[in-house]
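A.B. asks: Questions regarding the structure given below will be posed in turn.
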Amino acid sequence: MNIINSNKIIFFISCAAILSFAGYASASESGIIKNTYGHVMIERGSSNFDAKVGDPVQEKDRISVIGYGSAGISMKDETLLSIGPNSSIVINTYAYNSVTREGQSATSVLKGSCRFVTGLIGRINPKAVKVTTQSTTIGIRGTEFIVEVPDAE
Amino acid sequence: MPNKFYVLVSLFIAMLHLVGCATQSPDRVTLLPQPDGTPSAIAVTSKTGDVAVIDRPYQVALVSDKKIVLEQSDEAAVGQRYKELMKALPARPKSYQLYFENSGTQLTSASEKLLQVVQNTLKDYPAPEIIIIGHTDTVGADALNDKLSLQRAIYIEKILKTKGIDTSRISTVGRGSRDLLVPTGKGVSEEKNRRVEIRLK
């Protein structure tokens with residue numbers, strides 16, 4: 001009787017722990033805008049809005065720094081991104097399971113510059129992280145790097 | 001006549017070439033060093049399937065549709081070219097361990113001081129994500145330890161709340177005695193295991 005009870009309690013607490021762990025992050029949230037300087041815009045579906053600190057970033061978002069400025073983003077798997085002046089990136093794919101630490105991420109740099117500090121998805125499985133531009137695909141081996149796509153003129 | 005035609009065609013081809021060159025300024029991929037100095041590398045693949053690996057800090061791959069050219073840059077040049085990127089990178093996540101006196105939620109005095117450090121560090125983390133994970137040592141029943149570990153996490157959360165810290169992205173978990181920092185048998189009092197881990201993102 002006692003054992004059954006304590007098992008139930010543990011089960012309950014584990015559930016509560018997992019729930020509270022996932023607590024603040026809605027399923028569609030892939031990351032958070034941590035800083036902005038100048039004009040930073042998020043295009044989501046057919047809508048677009050100015051990004052501010054604390055805004056969630058989602059899969060399929062296009063994030064742009066218009067003119068001189070920058071933005072910093074932290075993803076759920078602790079990948080860190082910074083975006084430079086006159087730059088646009090798209091989060092094509094982003095999935096991360098914080099319990100198993102498995103996931104998938106694909107990011108495109110459309111123009112300008114973006115710095116990557118790859119996080120836990122890449123540490124578990126480097127092949128699961130892809131960064132692309134029009135002319136290149138970058139495969140990582142646990143790393144930090146910068147991608148710059150010059151403006152076509 | 002055929003001569004003139006020939007010149008025109010060559011001019012036209014030359015112009016096309018110039019336009020082509022202008023639009024095909026190569027992409028630059030720069031490898032940065034790991035903060036802990038461990039080796040790292042990236043493989044760059046061009047559209048036509050050429051592959052180049054860069055594995056030295058500040059090595060640059062210049063990638064165009066037709067070819068990949070490697071060159072070596074340095075910290076100063078990269079820092080200058082990408083100063084906005086350097087400034088805008090969010091602070092790296094940090095973890096702290098706070099330790100507790102026996103079987104309760106009383107922090108050790110060293111950890112009281114460390115909690116102050118955590119509060120000060122939080123200003124480097126705009127829109128902070130704070131993960132608080134409580135742990136116990138192996139003294140006492142598992143169910144009680146699960147409860148105590150969560151109480152410890154919630155206790156720290158409450159302190160942060162009273163200090164006016166943005167706790168809208170906080171999460172608290174109790175892990176009982178599952179994740180021991182110092183592995184011990186059952187029923188061992190170990191200060192290093194009576195702890196709360198705070199992770200700042």
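A.B. asks: To the nearest 20 debye, what charge dipole does the protein assembly as shown have about its Cα centre, counting +1 at the Cβ of each Lys and Arg and -1 at the Cβ of each Asp and Glu? Present the calculation step by step, with values, prior to reporting the outcome.
C.D. replies: Values: 41 positive and 35 negative charges, 61 e Å.
Value, rounded to 20: 300 debye.
A.B. asks: Can you give the extra length, in nm with one decimal, that the chain gains between B:Lys83 and B:Lys158 once fully stretched, where that is 0.36 nm per residue apart less the Cα-Cα distance? Walk me through the numbers on the way to the answer.
C.D. replies: Numbers: separation 75, 0.36 × 75 = 27.00 nm, distance 3.87 nm.
Answer, rounded to one decimal: 23.1 nm.
A.B. asks: Moving on. What average count of beta carbons from other chains do you get within 10 Å of the Cβ of residues in B:124-136? Write down the numbers at each step before the final one.
C.D. replies: Values: counts 0, 2, 9, 10, 3, 8, 1, 3, 1, 2, 1, 0, 0.
So the per-residue partner count for this stretch is 3.
A.B. asks: How much net charge surrounds B:Thr167 when only other residues with a Cβ under 10 Å from its Cβ are counted (Lys, Arg +1; Asp, Glu -1)? Kindly include the intermediate steps, with their values, before the conclusion.
C.D. replies: Values: positive: B:Lys158, B:Lys161, B:Lys163, B:Arg169; negative: B:Glu157, B:Asp166.
Result for the neighbourhood of B:Thr167: +2.
A.B. asks: In addition: So what is log10(I(q)/I(0)) for chain B at q = 0.08, 0.17 1/Å, when the Debye sum runs over its Cα atoms only?
C.D. replies: -0.52, -1.04
A.B. asks: Within 10 Å of each Cβ in peptide B:172-181, how many partner chain Cβ atoms are there on average? Round it to a whole number, please.
C.D. replies: Working: counts 5, 9, 5, 3, 4, 0, 1, 0, 0, 0.
For this peptide, the per-residue mean of nearby foreign Cβ atoms is 3.
A.B. asks: Sticking with this structure for a sec: Rank B:Ser40, B:Leu107, B:Gln72 by how far each Cα sits towards the positive end of the charge dipole of region B:38-158 (+1 on Lys, Arg Cβ; -1 on Asp, Glu Cβ) and give me just the farthest.
C.D. replies: B:Gln72
A.B. asks: Same structure again: Going down the table (A:Lys127/B:Lys201; B:Lys67/B:Lys87; A:Lys60/B:Lys87; B:Lys163/B:Lys192; A:Lys34/B:Lys67), which pairs top 29 Å between alpha carbons?
C.D. replies: Working: A:Lys127/B:Lys201 24 Å; B:Lys67/B:Lys87 32 Å; A:Lys60/B:Lys87 25 Å; B:Lys163/B:Lys192 26 Å; A:Lys34/B:Lys67 36 Å.
With Cα atoms farther than 29 Å apart: B:Lys67/B:Lys87; A:Lys34/B:Lys67.
A.B. asks: Taking a temperature of 20 °C and a viscosity of 1.002 mPa s, what whole-number D in µm²/s does Stokes-Einstein yield for the protein assembly as shown with Rh from Kirkwood over alpha carbon pairs? Can you show the working numbers first?
C.D. replies: Numbers: Rh = 22.9 Å.
After rounding, the answer is 94 µm²/s.
A.B. asks: Only bridges whose two residues both fall in the protein assembly as shown count here: according to DSSP, what percent of them are antiparallel, nearest 5? Spell out each step's value before the answer.
C.D. replies: Numbers: 83 of 92 bridges.
Given both bridge residues lie in the protein assembly as shown, the antiparallel proportion sits at roughly 90 percent.
A.B. asks: Same structure, new question: Kindly provide the trypsin sites (Lys or Arg not before Pro) of region A:97-126 that DSSP labels as loop, not H, G, I, E or B, and whose Cβ sees at most 15 other Cβ atoms within 10 Å. Intermediate results must be reported in sequence, preceding the final value.
C.D. replies: Values: sites: A:Arg101, A:Lys111, A:Arg115, A:Arg123; in loops: A:Arg101.
Sparse-neighbourhood loop trypsin sites (Lys or Arg not before Pro): A:Arg101.
A.B. asks: How much accessible area is lost when chains A and B come together, counting both sides, with a 1.4 Å probe, in Å² rounded to the nearest 100? Don't skip to the answer; put the middle values down first.
C.D. replies: Numbers: alone 9440 and 13050 Å², together 18090 Å².
Rounded to the nearest hundred, the buried surface is 4400 Å².
A.B. asks: Using helices alone, what [θ] at 222 nm do you get for the protein assembly as shown, with -39,500 (n - 2.57) per DSSP H run of 4 or more residues, divided over all residues and rounded to the nearest 500? Don't skip to the end; give the middle numbers.
C.D. replies: Working: 7 runs with 95 residues, N = 354.
Using -39500 (n - 2.57) per qualifying helix, the result is -8500 deg cm²/dmol.
A.B. asks: Ok, one more. Note down the net charge around A:Asn125, summing +1 for each Lys or Arg and -1 for each Asp or Glu among other residues with Cβ under 14 Å from its Cβ.
C.D. replies: On the way: positive: A:Arg101, A:Arg123, A:Lys127, A:Lys130, A:Arg141; negative: A:Asp77, A:Glu102.
Around A:Asn125, the charge tally is +3.
A.B. asks: HN-Hα J couplings of region B:43-49 from phi, Karplus 6.51/-1.76/1.60, θ = phi - 60°, integer Hz, Gly and Pro as x?
C.D. replies: Rounded to whole hertz, the list is 9, 10, 10, 7, 4, 7, x.
A.B. asks: Using alpha carbons only, how many angstrom separate the centre of region B:67-132 from the centre of region A:27-83?
C.D. replies: If we compute the Cα centre of each part, the gap is 20 Å.
A.B. asks: In the protein assembly as shown, if the dipole is taken from +1 on Lys/Arg beta carbons and -1 on Asp/Glu beta carbons about the Cα centre, which of A:Thr36, B:Ile198, B:Gly134 is farthest to the positive end?
C.D. replies: B:Gly134
A.B. asks: Mean Kyte-Doolittle hydropathy of 1.0 or higher plus an axial Cα length of 24 Å or more: which whole DSSP H helices in chain B meet both?
C.D. replies: On the way: long enough: B:2-23 (32 Å, 1.39); B:142-162 (30 Å, -0.20).
Qualifying helices, which must be both long enough and hydrophobic enough, are B:2-23.
A.B. asks: Okay, moving on. What is the magnitude of the charge dipole of region B:78-122 about its Cα centre, with +1 placed on the Cβ of each Lys and Arg, -1 on the Cβ of each Asp and Glu, and no other charges, expressed in debye to the nearest 20? Write out the running numbers ahead of the final one.
C.D. replies: Numbers: 6 positive and 3 negative charges, 88 e Å.
Taking the Cα centre of region B:78-122 as origin, the dipole is about 420 debye.
A.B. asks: Counting only other residues whose beta carbon sits under 9 Å from that of B:Arg194, what net charge do I get with K and R as +1, D and E as -1? It would help to have the intermediate numbers written out before the result.
C.D. replies: Numbers: positive: B:Arg152, B:Lys192, B:Arg195; negative: B:Glu101, B:Asp137, B:Glu190, B:Glu191.
Residues near B:Arg194 contribute -1 overall.
A.B. asks: Need the C-alpha centroid separation for region A:84-136 versus region B:26-53, integer Å.
C.D. replies: Centre-to-centre (Cα) distance: 14 Å.
The values are calculated or read from the model by the stated rules, or taken from the named source; none is laboratory data. Note that this is a predicted model, so its numbers are computed, not measured. Backbone-built Cβ (ideal geometry, glycine too); neighbour counts: all protein chains shown. Areas reflect the complete protein model, heavy atoms only, side chains present, ligands, DNA and RNA absent. Shrake-Rupley method; radii C 1.70, N 1.55, O 1.52, S 1.80 Å.
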